[in-house]
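Reading through the structure tokens given below for one structure.
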Number of protein chains: 2
Amino acid sequence: MSYRKGRAIIFSSPPSVRDSAAVAGKKEGEGPLGAEFDAVSEDPHFGKDTWEKAESEMQSRAAELALGKAGLSMAEVDLLLAGDLLNQCIASGYAARGRGVPFVGLYGACSTFAQALGLAALFTDSGAAENALAVASSHFCSAERQYRLPLEYGGQRPPTAQWTATAAGAALVGREGGPPYIRAALFGAVQDLGINDQNNMGAAMAPAAADTFSRFLQDTGAAPADFDAIVTGDLGLVGSRLFLELLKKDGLDPGARHTDCGLLLYDRERQQVEAGASGCGCSAGVASAHFLPMMRRGEGPKELLLIATGALMSPLSLQQGETIPAVAHLVWLSCSRRQ
Amino acid sequence: MSYRKGRAIIFSSPPSVRDSAAVAGKKEGEGPLGAEFDAVSEDPHFGKDTWEKAESEMQSRAAELALGKAGLSMAEVDLLLAGDLLNQCIASGYAARGRGVPFVGLYGACSTFAQALGLAALFTDSGAAENALAVASSHFCSAERQYRLPLEYGGQRPPTAQWTATAAGAALVGREGGPPYIRAALFGAVQDLGINDQNNMGAAMAPAAADTFSRFLQDTGAAPADFDAIVTGDLGLVGSRLFLELLKKDGLDPGARHTDCGLLLYDRERQQVEAGASGCGCSAGVASAHFLPMMRRGEGPKELLLIATGALMSPLSLQQGETIPAVAHLVWLSCSRRQ
């Protein structure tokens, strides 16, 4: 059973994120979080013959690793919630094939992991599932050629550009289990402040993150100081600055509590990723490899808001003169189950 | 609160499909269900300058018409669940922009409407939403050029091909309201029997429909005779035959109870649509214009299973030699709320 405070969904028996796993590419393995990934593939093809199959394989590996940690087989999972950036979400669809598990396909662009976690919590808290697996992925090579330019072209990247993460994260959410727990979720509304530069996704997504965060505080009566960490998905450097500016207008200042998965994944100076990381795999990978295990071990933040953002345009919609709509989904992760 | 019987999710207080509306194109308006649509646009562009914007506009109109019938404004809706076939689901993303309503983007290809209805029922039954709007759309012109060939090419269509419906359906699901009620849902597993012909989607999707239907009967202990209507999404002529053949192997015979939205939308002989209709808008439009209103009026079926099917490939995955995975999601619609 869950109940609402405004648009926030409060879970009566906060479900557990029982276990999580993340798989990443070589570049991500060389970044500051490299040692925390469950697996790093030196082979960007993950043993497959196309980038899209590689991404699907990476997603499957993350799912299997998460299940393995929890001692479950795929057949014991009640529900698989997954999404990615590829046209028709093929990384997820093919990864789910033949698994024999109910599949709910999502499209939330880079917000997918938080969307999947929120839905998984709803399924488990309501009794519709004993456990549910939330998965999201992105691959630099499959995303770049789909959204921007063929890799071989070697196009220059402006300083506002973000680097699509090659990573997949998977989290097993269950009715039973230890911390962290999902105490609440808020699914965001679609915002569009008129950005049309596909090399400046952070700016396009920041208003959605600010809107979701402000609304959550307003609906629940919470203050930024009630949380140890306020973690946005993949705003990067430009989007993070804009997020904080927008909050300031609402009289909110998360201060040092705010961090962004897009700023944690790479060493921006050393790894030449311009404004930081992006992609479904960014927040999925950073949460699954870094924050969720840290909270499980009782280290680091006790109360964490994950606010993953997604840009909902397509290359075609931009060619047709549209601006970039964005959405941000929030989940409240807590080391405590009390209400 | 909901509970599980196997993989079927049973809703303790079955949510109401309070109202629904469907908008269609000219060809659909000339079909057997033409008079039942809430609006038929003679203009395939729906007043917009691209096919994609036309689809988004059509989806918005369906949503607004459904809300208008229920006397609600968009601001009073707790949740919008929507999806479509376009890359990055832009018809839905842009239709949701600026609405100020929490948005859950879905990718289930042509199964999207049943997926959205099942999730809307979970949100409302669990208390996470008072009401939720489930929406799906497809447009012949935006789909054909994305999936197959430019319209101007005038490619020949084999007899197994299906005609992507230009239609959008929207249903408002609420905790309170009259019949029909959503008594149960089952989210399907991804099946792939090795079909790789994108002009034979019915055959690719039939195994998923048969699997979901069989599993639902097995999990709930129901028999085909417990339902007045067993309605598949868009299997068309070829897929429907295969669906019935596959069920026969399981000892199941829905007989005349089975019908398919893809066979209802057009007059196949007169309208030259080969094996029938397909697209997210097919089951969304036929359910929203035909079955849901009929059940609301107390006419027609009292117990109906909607089993919408989706093919999860992309043009790229087929070019890369992949076969077509498919999924089928089921909702049980009933004129009675009793358990």
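The table below gives the values:
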quantity	calculated
Per-q log10 I(q)/I(0), the range A:297-339, q = 0.32 Å⁻¹ (Debye; single scatterer per alpha-carbon; no solvent)	-1.05
Loop trypsin sites (Lys or Arg not before Pro), the range B:280-339, which have at most 12 other Cβ atoms in a 10 Å radius of their Cβ (DSSP)	B:297, B:338
Å³ per residue enclosed by the Cα convex hull of the protein assembly as shown	135
FRET E, pair residue B:153, residue A:299, Förster distance 60 Å, beta-carbon r, rounded to 0.05	0.50
Equivalent ellipsoid dimensions for chain B as semi-axes, Å, which come from the Cα gyration tensor, largest first	27, 25, 18
Modelled FRET efficiency - R0 41 Å, residue A:256 with residue A:13, Cβ distances, 0.05 increments	0.80
Estimated vicinal HN-Hα couplings, Hz - the range A:319-333 in sequence order (Karplus 6.51, -1.76, 1.60; Gly, Pro = x)	4, 8, x, 7, 8, 9, x, 9, 9, 9, 10, 10, 10, 9, 9
Summed residue charge, Cβ within 13 Å of residue A:68's Cβ, Lys/Arg positive, Asp/Glu negative	-1
³J(HN,Hα) computed for each position of the range A:261-270 - Karplus, 6.51 cos²θ - 1.76 cosθ + 1.60, integer Hz, glycine/proline x	4, x, 9, 8, 6, 10, 8, 4, 5, 6
Distribution of pairwise C-alpha distances over the range A:40-84, 5 Å bins, in %	5, 20, 25, 21, 16, 11, 2
Considering only chain A, percent of DSSP beta bridges that pair antiparallel, nearest 5	65
Integer Hz, Karplus 6.51/-1.76/1.60 couplings in order for the range B:273-285, x for Gly and Pro	10, 6, 7, x, 9, 8, x, 3, x, 5, 5, 5, x
Other-chain or far-sequence residues with amide H under 5 Å of residue A:302's (modelled H)	A:228
Point-to-point label distance, residue A:319-residue A:30, nm (Cα→Cβ direction, 7 Å offset)	3.4
Sequence-distant residues sharing a close amide H with residue A:40 (under 5 Å, placed H)	A:24
Distance between modelled label sites at residue B:64 and residue A:193, nm, 7 Å Cα→Cβ extension	2.7
Longest segment of chain A lacking GluC sites (Glu not before Pro) that sit in a DSSP loop with at most 10 other Cβ atoms within 10 Å	A:43-298
Within the protein assembly as shown, percent of DSSP bridges classed antiparallel, to nearest 5	65
Chain B: most fluctuating residue of B:221, B:177, B:194 per GNM, C-alpha cutoff 10 Å	B:221
5 angstrom amide H check on residue B:234, placed H, neighbours 5+ away	B:262, B:309
Pairwise centroid distance, computed over Cα atoms, of the range A:48-68 with the range A:159-200, Å	19
Pseudo-label separations to other copies for residue A:5 - Cα-to-Cβ vector, 7 Å, nm	3.7
Residue with peak Gaussian network fluctuation, chain A [Cα springs, cutoff 10 Å], from A:127, A:34, A:188	A:127
Over the range A:181-334: Rg over Rh, Cα atoms, Kirkwood Rh	0.96
17 Å tail of the calculated P(r), the range B:171-268, as % of Cα pairs	56
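None of the figures in this text is laboratory data; all of them are computed from the coordinates on show. Keep in mind it's a predicted model, so treat the numbers as computed, not measured. Virtual Cβ from ideal backbone geometry, glycine too; neighbours counted across all protein chains shown.
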